[in-house]
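Down below is the structure, laid out as structure tokens.
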Amino acid sequence: MNSTDRKPRKLHVVTHGCQMNVYDSARMADLLAPLGYTTVDKPEGADMVIMNTCHIRERAEEKVFSALGRLRVLKEEGGGRMMIAVTGCVAQAESELLLKRAPFVDLVVGPQAYHRLPELIAQAHRTQGAVIDTDFPAEPKFDFLPATGASQGVIANLTIQEGCDKFCSFCVVPYTRGAEASRPAAQVIAEARRMVAQGTREIALLGQNVNAYHGEGPDGKIWSLARLLAALAEVPELKRLRYTTSHPNDMTEELILAHRDNPALMPFLHLPVQSGSDKILRAMNRKHGADDFRRVVARLREVRPDMAFTSDFIIGHPGETDADFAATMALVRETGFALAYSFNYSPRPGTPAAGLPQLDQAVKDARLYELQAELRRQQDAFNASTVGLTTPVLFTGLGRHAGQIAGRSLYAQPVVVEAPAPLTGEVHTVTITHANPNSLLGRLEQEQIAA
Ligand code: SAH
Ligand code: SF4
Ligand code: F3S
């Protein structure tokens, strides 16, 4: 690149989809910073807009095209100067088709190729035409991350595993993110240390199937997630660890015991089950039954009694009957979730379930409504159950009102207390006094105020 490539430019990044996209967006901004790109929080006046997209449900995809329509107007108003890049899972899934639907897009870059962005941007400038890179390159993108990046804050994400080999009947991820691959443990630990040096105190390890992690260890052996978590717990000042998303089949006894033995690991787990019906789980190609999920939950509660769970549910997968839905409701009532995400099944092009006869929309809607009412009730009950607890809170910064500071509980619930100082990055004991629908109020314990 010549020096003109380094003139100051404004970059706006829009992120849709999961936490892995949030992580990737931050890395893309880090990668472009040395080329003179500073991030701005509006697309107006930006030289470059990156739209990092999600393909998981039809609505996610529609969101991309309506957002692109708005960007097109801005681009035209600016005389076509704005460069528009579409990255992430829609870019991967649609590739050339995306350019047909949105010919004003300059770059289409799949999730495995974002480390090539600088050269792709240069190429787009040179050729004045659209550039597509949706390969799964041989060189892993994580090897190309800059050694430093912007601080990610007190609570941050770190991707350790990507892709999926499980091919659930409904899911696009194996096609958009490719085969399962784990980053080497030493690379993960080095990145965690850098994050901690910049003020991070809690890290969530990310992966589409994070508990299937099997990265090369510094000792030449293959490390499990439990082994990696044990090494990360040794990083000074790194106070809390989480991991997401897990598959029930990869919850090994070693990982379950880590919730008892690893003091940094939070008693909170996102464990998507999708359905409570064995027949539907089979149709989904989940390769486990409802009782396998029950056993994992029970075992975790046995080794760590204060464990709480979140999950994902799909309602209206092809073949779901009233009895199958009743089995899902039974599993939900029995388990008791702190929080859960639920979605109507959305047929995705190229996935096996999309070709099957589909349920009536009204049936799906009615079931989803019933499930969500129960999940809301459980979430409120869980939050209410924390009132009166005296519990550690990791503080992240100031609250919305003067004199208030905010933090996170063991269960990642936002907690607000009154305090004379921000205490950012510190863990202090709080007694929870009140539960709102999406946050808790608490009181700092007396001795901590003096601390
Ligand atoms: N790897 C994770 C989840 C990845 S996608 C796992 O195995 O559980 C996140 C969630 O989106 C899924 O858990 C599922 O509940 C939902 N989802 C995926 N594909 C979907 C589809 N076609 N329609 C509706 N929801 C879907
Ligand atoms: Fe999708 Fe299933 Fe893989 Fe999760 S495990 S990413 S739901 S294919
Ligand atoms: Fe969406 Fe891709 Fe994540 S499809 S959920 S952005 S892996």
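The table that follows gives values for the structure above.
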| read-out | value |
| --- | --- |
| Nonlocal Lys pairs with alpha-carbon distance under 25 Å, the chain (8 or more apart, or different chains) | 20 |
| Under-5 Å amide H pairs with Glu180, H placed in peptide plane, nonlocal only | Cys164, Asp165 |
| Net lengthening on full extension, His401/Ala421 (0.36 nm per residue, minus Cα-Cα) | 5.9 nm |
| Cα gyration tensor shape of segment 294-451, rounded if a/c is under 1.5, else prolate or oblate by comparing a/b with b/c | prolate |
| Integer Hz, Karplus 6.51/-1.76/1.60 couplings in order for segment 142-147, x for Gly and Pro | 5, 5, 10, 6, x, 5 |
| Ranked Asp365, Asp360, criterion: other C-beta atoms within 10 Å, fewest first | Asp360, Asp365 |
| Within segment 335-451, percent of DSSP bridges classed antiparallel, to nearest 5 | 85 |
| Sum of -39500 (n - 2.57) over DSSP H runs of 4+, divided by residues of the chain (222 nm, nearest 500) | -10500 deg cm²/dmol |
| Cα gyration tensor, the chain - rounded (a/c under 1.5), prolate or oblate | oblate |
| Theoretical gain in end-to-end length, Leu145 to Ala231 [0.36 nm per residue, Cα-Cα removed] | 28.8 nm |
| Rough spin-label spacing in nm, given labels placed 7 Å along Cα→Cβ, for Asp278 and Thr321 | 1.5 |
| Estimated vicinal HN-Hα couplings, Hz - segment 100-106 in sequence order (Karplus 6.51, -1.76, 1.60; Gly, Pro = x) | 5, 6, 9, x, 7, 6, 9 |
| Inverse of mean 1/r across different Cα pairs in segment 390-448, Kirkwood, Å | 10.9 |
| For segment 148-385, the spread of Cα positions along each principal axis, largest first, Å | 53, 42, 33 |
| J(HN,Hα) series, segment 78-95, from Karplus relation 6.51 cos²θ - 1.76 cosθ + 1.60, nearest Hz, glycine and proline x | x, x, x, 6, 5, 8, 10, 10, 9, 10, x, 6, 6, 4, 5, 6, 9, 6 |
| Three principal axis lengths of segment 153-224 [C-alpha, angstrom, descending] | 42, 31, 15 |
| Principal axis box of segment 270-342, alpha-carbon based, largest edge first, Å | 37, 21, 17 |
| Fraction of alpha-carbon pairs over 16 Å apart in segment 362-405 - percent | 64 |
| Spatial separation of Cα centroids for segment 375-451 and segment 268-293, in angstrom | 33 |
| Packing-based ranking, highest mean first, of 9-17, 122-130, 273-281, 419-427 given that Cβ atoms within 10 Å are counted | 273-281, 9-17, 419-427, 122-130 |
| Length released on extending from Arg193 to Ala354, taking residue separation times 0.36 nm less the Cα-Cα span | 53.6 nm |
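Throughout, read-outs are computed from the coordinates displayed, never taken from laboratory work. Being a predicted model, the structure only gives us computed values, none of them experimental. Methodologically, a virtual Cβ is constructed for each residue, glycine included, from the backbone with ideal geometry; neighbour enumeration extends over all protein chains shown.
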